[in-house]
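K.L.:
Got a structure for you, questions after.
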Amino acid sequence: MNIAIGGFFHESNTFNPIITGKEDIVVFEKEEIFTNKSAFIMAKGIIDYFQERGEYSLYPLVFMKAVPNGEINREYYLLLKERFFAYLKEAPQIDAFVLALHGSMRVEGIGSAESDLLADIKKQYPSTPIFSALDMHASITKTMMETADAFVAFKTAPHIDVWETGYKIAELADFSLKNKITLKTAYAKVNCLIAGEKSETDCQPMKSLIDELHQLEKEAEILSASYCLGFPWADAKENGVTAIVVCKTDQERADHAARYLADKFKEKKHLFGFSMPSLPPEQALIEALKQEKKPVFVSDSGDNPTAGSTADNTEIIRLLSKDLKDKINEKSILIAGIFDPLAVAFCEKNMQTEIELFVGGIYDTKYCKPVLLQGVPIKKIEGFGLLNTTLILFKTKEFELIICSKHIGFTNSEMFKALGINHLKKDLVIVKLGYLTEEFRDDAAVSFMALSRGCTDEVLSRLDYSYQYELI
């Protein structure tokens, strides 16, 4: 049997003015997908499942991924979609589509990319089943549910079951094809928005809600149960929490189970809260500087690029270089980091030289302004990561700051290693994140979340939504 595989994976923040373009996006086409599958872990799960079974032929189309950012450039998205369908025309008759989608990718002037893509697939291949893996923070639309046969979403936040989710959706496709049945999928929505930092799956009440999913999946009839929590930094009508259940043949059971999960979420929604001390930025930094253990991690949560912020908000830098500089008391501080290609270019011309440097505030002009620093660019790394980013380590009297030429995330220690930094010996490590990733959680002796203003404001009531949601 012939399986078409592909994927469009991006979390699009509508409060971010940046339009995500070609230079921000990594694309693998056709055979490149197999050789680069480890760079797209959800796709790797799909590919691994089918390659373990010799009876399937895989036809790779287009996989694109990018660090969460503003909406995707319309013209570039349409070009990638055109390639997706062009490669399909070269393939033999396709028995199923098995896709790796995010669920909250948005395109300027179009809206939900998943709705647009799935509707076009269904229009051109009306009798071919569609299966897709999703991020836990997918925003489910009516069109998505009407066009796809089944969805499976991550069950962990931070997301550590990405490969498993790709593997699982491939397993469901395999079951459907081998048994020649159309799977029965149901969904139920809850009109509320919740930040991921209040819904970590190791913490209550999300932990018990995930347990409910596992309990349902023990039933012989139920193949999969998922919560898609939506993406709170997208101002979109279809946003909100969605329960999705996939059954073998029983639509009534799927409907009942989805409603049950939605009701369980409603029942527990008043229990959600942050999993670590979460304070206004100045207070979070003061508390962090008081600690004797190290390293102390502080999340600059309002400017979290892995939730689609601009990554150039300067509030934390301003506080440490001005208001709080007398409280640092010679503690070693690392800030990771800030997205500023102009500052990178200026540093490249003045390496190992003391300079005055404006940083940040280029894209986020609502919540901050550029900050003037005095210091020395002491190290440069070129070609970092999939986007071939240039990194500058800029040292001031108060801290070391990583400046990036591309909009990237700050999720692990690879950046530190590339720059020759032992972050474990720093007193304070400030990262543009919300909840800490698994690696940083293990590294942190103590952690705080700074409730900074920005495109990923954790205090959702401070954002200007066009639509009415209950904000948790």
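Throughout, read-outs are computed from the coordinates displayed, never taken from laboratory work. Since we're looking at a predicted model, the values are computed, not measured. All Cβ positions, even for glycine, are placed from backbone atoms using ideal geometry, and neighbour counts span all protein chains on display.
K.L.:
Based only on Cα atoms, what mean projected area does the convex hull of segment 217-268 have, in nm²?
P.N.:
4.2
K.L.:
To the nearest 10 degrees, how steep is helix 41-51 against the longest Cα principal axis of the chain, on a 0 to 90 scale?
P.N.:
Taking the Cα atoms of the chain, the angle to 41-51 is about 30 degrees.
K.L.:
Ok, one more. Checking the table Lys293/Lys327; Lys44/Lys218; Lys327/Lys379 against a 24 Å threshold on Cα-Cα, which pairs fail?
P.N.:
Lys44/Lys218; Lys327/Lys379
K.L.:
I'm a student and want to see the number: the projected area of the Cα convex hull of segment 316-445, averaged over all directions, in nm².
P.N.:
8.0
K.L.:
Compute the acute angle (0 to 90°) between the alpha-carbon long axis of helix 251-268 and the principal axis of greatest extent of the alpha-carbon atoms of the chain; round to the nearest 10°.
P.N.:
Once rounded, the angle reads 20 degrees.
K.L.:
Which lysines have a Cα less than 22 Å from the Cα of Lys369, not counting those fewer than 8 places away in the same chain?
P.N.:
Cross-link targets: Lys322, Lys325, Lys395, Lys397, Lys406, Lys432.
K.L.:
To the nearest 0.05, how large is the calculated FRET efficiency for Glu354 and Leu79 if R₀ is 41 Å and r is the Cβ-Cβ distance?
P.N.:
Once the sixth-power term is evaluated, E becomes 0.35.
K.L.:
Any of Lys184/Lys207; Lys122/Lys248; Lys331/Lys380; Lys155/Lys425; Lys122/Lys198 with alpha carbons more than 30 Å apart? Name them for me.
P.N.:
Lys155/Lys425; Lys122/Lys198
K.L.:
Please report the relative contact order for the chain, taking Cα pairs under 8 Å with a sequence separation of at least 6, and give it as a percent rounded to a whole number.
P.N.:
Once normalised by length, the contact order is 17 percent.
K.L.:
If only Cα atoms are counted, what is the Rg of segment 149-223, and what is its Dmax, in Å?
P.N.:
In order Rg, Dmax, the Cα atoms of segment 149-223 give 14.1, 41 Å.
K.L.:
So for segment 283-344, what percent of the C-alpha to C-alpha distances run longer than 15 Å?
P.N.:
That tail contains 54 percent of the Cα-Cα pairs.
K.L.:
List the trypsin sites (Lys or Arg not before Pro) in segment 249-353 that DSSP assigns to loop (not H, G, I, E or B) and whose Cβ has at most 14 other Cβ atoms within 10 Å. Which are they?
P.N.:
When the trypsin sites (Lys or Arg not before Pro) of segment 249-353 are filtered for loop state and at most 14 Cβ neighbours within 10 Å, Lys293, Lys349 remain.
K.L.:
Relative to the longest principal Cα axis of the chain, at what angle does helix 113-124 sit, 0 to 90 degrees, rounded to 10?
P.N.:
It is inclined by approximately 20 degrees.
K.L.:
With Cβ to Cβ distances under 12 Å as the rule, what net charge do the other residues near Ser38 carry (K, R +1; D, E -1)?
P.N.:
+1
K.L.:
Exactly which trypsin sites (Lys or Arg not before Pro) in segment 14-87 are in a DSSP loop and have at most 16 other Cβ atoms within 10 Å?
P.N.:
Loop-located and lightly packed - Lys30, Arg53.
K.L.:
Roughly what percent of Cα-Cα pairs across segment 96-228 reach past 21 Å?
P.N.:
Beyond 21 Å sits 42 percent of the P(r) for segment 96-228.
K.L.:
I would also like to ask the following. Give me the Kirkwood hydrodynamic radius of segment 379-418, using the inverse of the mean 1/r over all pairs of distinct Cα atoms, in Å to one decimal.
P.N.:
By the Kirkwood definition, the hydrodynamic radius is 10.6 Å.
K.L.:
Additional query: In the neighborhood of Lys366, defined by Cβ-to-Cβ distances under 14 Å, what is the net charge if each Lys or Arg adds +1 and each Asp or Glu adds -1?
P.N.:
That works out to -3.
K.L.:
Determine ³J(HN,Hα), in whole Hz, for all residues of segment 142-157 in sequence, where each value follows from phi through the Karplus function 6.51 cos²θ - 1.76 cosθ + 1.60 and θ = phi - 60°; x replaces Gly and Pro.
P.N.:
Listing the rounded values in order: 4, 4, 4, 6, 7, 9, 9, 7, 7, 10, 10, 10, 3, 10, 10, 9 Hz.
K.L.:
From the backbone phi of segment 425-435, what are the Karplus-calculated ³J(HN,Hα) couplings (6.51 cos²θ - 1.76 cosθ + 1.60, θ = phi - 60°) in whole Hz, Gly and Pro given as x?
P.N.:
Per residue, the Karplus-derived 3J(HN,Hα) values read 8, 7, 6, 9, 10, 9, 10, 7, 9, x, 5 Hz.
K.L.:
For segment 2-271, what is the Kirkwood hydrodynamic radius in Å, using each pair of distinct C-alpha atoms?
P.N.:
Kirkwood radius, segment 2-271: 18.4 Å.
K.L.:
Additional query: Starting from segment 112-184, pick out the trypsin sites (Lys or Arg not before Pro) whose DSSP state is loop and whose Cβ has at most 11 other Cβ atoms within 10 Å.
P.N.:
Lys180
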